[in-house]
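Structure record follows, encoded as structure tokens.
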Amino acid sequence: MIFRRTLRPALVALVALAIEGSIAASAAATEPRSIGALHFDAPEGWTAKSVTSGLILEKQFPADAENRKGGAMIHVLGPFAEPQAAFDRNFDTTVGMIKGFAEEDPMLKAAGTTSNGHRIRSDYRCCASIGSVSAGLRTVGIASQRNQAFFSLVDFQLRDERQDEVEAAFASMIRSVRLEPTDKPFALVPASGYGGLDGVFTHLDTGVMPNAFGGTDFYSDSKITVFDPSGLFSTELPETGDIQAHCRATPTDCGLYKVTGGGFFGGARQIEMREVADEFGTLEAETKPLEQSSGGLTIDGTVHSRVPPPPAGTPFDGTWRYFYASSGMMATSSGSVAVERILTLSRNGRFERSGFTGASSTSDAGGGTSGVTVSNQRPSASGRYRVDGYAIVLTGDDGQTERLSLFAPDEGSDDLLVIGGNNYLKAEGGEAPSGGSSSSSTSSTPKRPRS
């Protein structure tokens, strides 16, 4: 009952402070902080105040272009010496103590373990009103065998860059949490016995997914998995070729794996993959059957073909096109978007690229019809290129350099190149293909183009 007795007054204080819009006698939170057995790194530029059973951190923003002030509060609760069996109940209690959020269904949620082996659970709920202010709530709970701690981020009238800044600060703080003396901040460090594979593998993933306009898109994506002998894996090609550096910088692309079984007495061969599911460092584990052959891997019945890197200095000759289109219709509105990128590579080491982005929307609300159409032609660029492992380096005539991941899913063929995570199809006869898409996208994977 320790948790319930101490939680309520702390959260009542949080709501009161949110409505009043100020925290008195606070100091800049720029150093590591400790509350009993709980240790974490508070984000810089936030102010702090000790409250019952924890700490409140606050950041306020001046009025934006629409004269809307915004702010955010992080409430740290704990540590509580509670059994793990009470963890889910305590998590739900944390959410429910801020009026209006318990009735909202989580828009995002995750559960798994931390890199220290503790339970972690999180969810995001939007939107409730505190006083007359619209707010969103992110809740994270972490439980070791002996201790539990809970963290609530409440954001008030935030959007775009401000919201991104607050969410990034909160996520960084969660990744730094230590509940036991041997804990360390989040890091992907393979334990003894991890690893067992080496190389880059790809498989084709296709399907249908709903889009933002109320329609559906067909997608065809050449999924990639990079296995490092150390026990790290990545679902994106490290553009520098250094998977350790890539996973430190972008942990949500990565995870840990180990191969078990095989041989006369080892049982069926399996692979356990612990993938980083979110920015909080939540590790979600799956164990799947594994078969190995000289040409690749079969994981849970799906064939993953080995992809060798193009030989250094490989010359390409032709024009490749990335195209994405999506459209749909709802009760009173319709919309569409299209993106095209053209890349021409010559044997003499030269490149040229161009493209466009366009979008349109119409609305029949209010008894009339209104619409808007926008488009943007990407300026043509040219320069020199070179192939470096699983990357292509583009150096423009203006001196600017861009490095993008590169692989060809079909060995011995350049009809399809995956550049920067996007599918580029080779044009026949060296001419850039033309065409479009109607209510469904039947082109390459629906990602924002990066090249």
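Some observations on this one:
- When PRO289, PRO309 are screened for being of a type outside the set (A, V, I, L, M), outside any strand (DSSP E or B) and at negative phi, only PRO309 passes.
- Meets criteria (charged (D, E, K, R) and at pLDDT 95 or above) for ASP183: yes
- Some residue of the range 220-239 being charged (D, E, K, R), more than 16 Å from the chain's Cα centre (by Cα) and assigned to a loop (DSSP other than H, G, I, E, B): yes
- Where ASP160 falls short, out of the listed (1) surrounded by 18 or more Cβ atoms within 10 Å (Cβ to Cβ); (2) charged (D, E, K, R); (3) within 20 Å of the chain's Cα centre (by Cα): (1)
- Residue that is among the hydrophobic types (A, V, I, L, M, F, W, C) and surrounded by 17 or more Cβ atoms within 10 Å (Cβ to Cβ), where the choices are ALA128, ALA102: ALA128
- Residues that are of a type in the set (D, E, K, R) and farther than 30 Å from ASP217 by Cα within the range 307-327 comprise just one, ASP317.
- Every residue from the range 63-84 that is open to solvent by less than 40 Å² (accessible area, probe 1.4 Å), more than 21 Å from GLY117 (Cβ to Cβ) and of a type in the set (D, E, K, R): none
- Number of the exception - SER172 against (1) over 30 Å from MET73 (Cα atoms); (2) of a type in the set (Ser, Thr, Tyr); (3) within 20 Å of the chain's Cα centre (by Cα): (1)
- Unmet requirement for GLU31, which otherwise passes all of (1) modelled with pLDDT of 85 or more; (2) of a type in the set (Asp, Glu); (3) within 29 Å of the chain's Cα centre (by Cα); (4) over 22 Å from ASP160 (Cα atoms): (1)
- Residue match in the range 317-337 (condition: outside any strand (DSSP E or B) and open to solvent by less than 40 Å² (accessible area, probe 1.4 Å)): no
- Selection from the range 136-151 of residues that are open to solvent by less than 10 Å² (accessible area, probe 1.4 Å) and at pLDDT below 95: GLY136, LEU137
- Enumeration of residues in the range 265-289 that are farther than 25 Å from THR114 by Cα and buried (at least 17 other Cβ atoms within 10 Å of the Cβ): none
- Qualifying residues in the range 34-57 (those that are part of a loop (DSSP other than H, G, I, E, B) and at pLDDT 90 or above) - the one surrounded by the fewest Cβ atoms within 10 Å (Cβ to Cβ): GLY36
- When ASP217 is tested against (1) buried (at least 16 other Cβ atoms within 10 Å of the Cβ); (2) at pLDDT 85 or above; (3) farther than 30 Å from TRP46 by Cα; (4) of a type outside the set (Gly, Ala, Ser), exactly one condition is not met: (2).
- All conditions in (1) of a type outside the set (Phe, Trp, Tyr); (2) in contact with a helix residue (DSSP H, G or I) (Cβ under 6 Å, 6 or more places away or on another chain); (3) under 24 Å from LEU406 (Cβ atoms) hold for HIS304, with the sole exception of (2).
- VAL154 out of contact with any Pro (no Cβ under 9 Å at 6 or more places or on another chain), open to solvent by 20 Å² or more (accessible area, probe 1.4 Å) and either among the hydrophobic types (A, V, I, L, M, F, W, C) or under 30 Å from VAL303 (Cα atoms) (or both): no
- Listing of strands (runs of 3 or more DSSP E) fully contained in the range 83-191 that carry 2 or more residues being touching a helix residue (DSSP H, G or I) at 6+ places or on another chain (Cβ under 6 Å): 119-130, 133-143, 148-156
The values are calculated or read from the model by the stated rules, or taken from the named source; none is laboratory data. Predicted model only: the values in this text are computed from it and were never measured. So basically every Cβ, Gly included, is an ideal-geometry build from the backbone, and we count neighbours across all protein chains shown. Remember, those area values only see protein heavy atoms, side chains included, never the ligands or the DNA or RNA. Shrake-Rupley method; radii C 1.70, N 1.55, O 1.52, S 1.80 Å.
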